[in-house]
Structure formats: C-alpha cells, structure tokens
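Asker: Got a structure for you, written out below as structure tokens; questions coming shortly.
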Amino acid sequence: MRDAEQVAEVVRLCDGQAVENGSRGGVYVWHRGVGIVAVFHPNAPYEAPFVYLSPAPVNRHYYVHAGEYSARLCYAQPGEWLPSYRLITAVGCAIRFINDYLASRAL
C-alpha cells in the first residue's frame, strides 16, 4: 500500500487530516483530547512511523530518542515493525496508549 493510500485510510477510518512533515507525509487524528501526529519514517516501510502526541504525556513510553530533538511515542521494540504494517497500525497503537494512559490517571 502506498503512502498516500495509507494516509487516506487513516483519514477515512479515524476522521483525521493529512499532514506534511518536511518531506514525509502523515496524519493528524484527535482522540480523547489528545492530538496524534503520525508521520512516515524516512526508511518506511521498514521502520515504524514516528508518533507525536499533544499534549505530551509524562510516561516512560514517551521520550526523546537518541539523536533526536523531539519526544515521541515508543510503541514498538526494535525489529518488531514489519513492512506489511500500515500507518493505521501506528495510529491504533497511539489510541490504545492514550486510552490506557488516561485510565491509569483516573485511578
């Protein structure tokens, strides 16, 4: 599935918006008061998309990765992402993270 088709899939399924992040495309989705921006990794489809949340949660799974300047969600272990996965997979992981994060704060 091409990048544009994957973006269109997320826009359709999650009521999102297409975004541009430099030369990489991606999507913006709003879920439970949190903005999710998922953009393709420069080495897509072999590397997982980058996922940014706003407001940024205080959580061990959201941090600045080595060699980077902005915090992002860590939702896949190295080598866990498969080329057959799509952008909707990354957005779904972010939605699940937000749901779990908000549920844990409600305790």
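Asker: Restricting to the stretch 35-48, what's the tally of residues that are in contact (Cβ under 8 Å) with a residue 40 or more places away in the chain, within 17 Å of SER70 (Cα to Cα) and aliphatic (A, V, I, L, M)?
Answerer: Adding up the residues that qualify gives 3.
Asker: Where residues in the stretch 50-71 are surrounded by 10 or more Cβ atoms within 10 Å (Cβ to Cβ) and either at pLDDT 95 or above or among the hydrophobic types (A, V, I, L, M, F, W, C) (or both), which of them is farthest from VAL27 (Cα to Cα)?
Answerer: VAL64
Asker: While we're on this one: Among the residues of the stretch 35-85, what is the count of those that are of a type in the set (Val, Ile, Thr) and within 12 Å of the chain's Cα centre (by Cα)?
Answerer: 4
Asker: Please enumerate the residues belonging to the stretch 40-97 that are β-branched (Val, Ile, Thr) and not in a loop (DSSP other than H, G, I, E, B).
Answerer: Across the stretch 40-97, the qualifying residues are VAL51, VAL64, ILE88, THR89, VAL91, ILE95.
Asker: Kindly establish whether ALA103 is among the aliphatic types (A, V, I, L, M) and more than 21 Å from GLN6 (Cβ to Cβ).
Answerer: The answer is yes for ALA103.
Asker: Going through the stretch 29-39 one residue at a time, which ones are of a type outside the set (Gly, Ala, Ser) and either in contact with a Gly (Cβ under 6 Å, 6 or more places away or on another chain) or assigned to a loop (DSSP other than H, G, I, E, B) (or both)?
Answerer: Correct list: VAL29, ARG32, VAL39.
Asker: Can you tell me which of VAL39, VAL34, VAL19, VAL58 is under 23 Å from ARG105 (Cβ atoms), aliphatic (A, V, I, L, M) and in contact with a strand residue (DSSP E or B) (Cβ under 6 Å, 6 or more places away or on another chain)?
Answerer: On inspection, the qualifying residue turns out to be VAL34.
Asker: On to the next question. If I go through the stretch 1-20 residue by residue, how many of them are surrounded by fewer than 21 Cβ atoms within 10 Å (Cβ to Cβ) and touching a residue at least 24 places away in the same chain (Cβ under 8 Å)?
Answerer: The total comes to 5.
Asker: A further question follows. Tell me which residues, restricted to the stretch 72-107, are closer than 16 Å to PHE40 by Cα, touching a strand residue (DSSP E or B) at 6+ places or on another chain (Cβ under 8 Å) and not hydroxyl-bearing (Ser, Thr, Tyr).
Answerer: Within the stretch 72-107, ARG72, LEU73, CYS74, LEU87, ALA90, VAL91, CYS93, ALA94 qualify.
The values are calculated or read from the model by the stated rules, or taken from the named source; none is laboratory data. Everything numeric in this text was worked out from a predicted model, so none of it was measured. Here the Cβ is made from the backbone with ideal geometry for all residues, glycine too, and neighbour counts use every protein chain on show.
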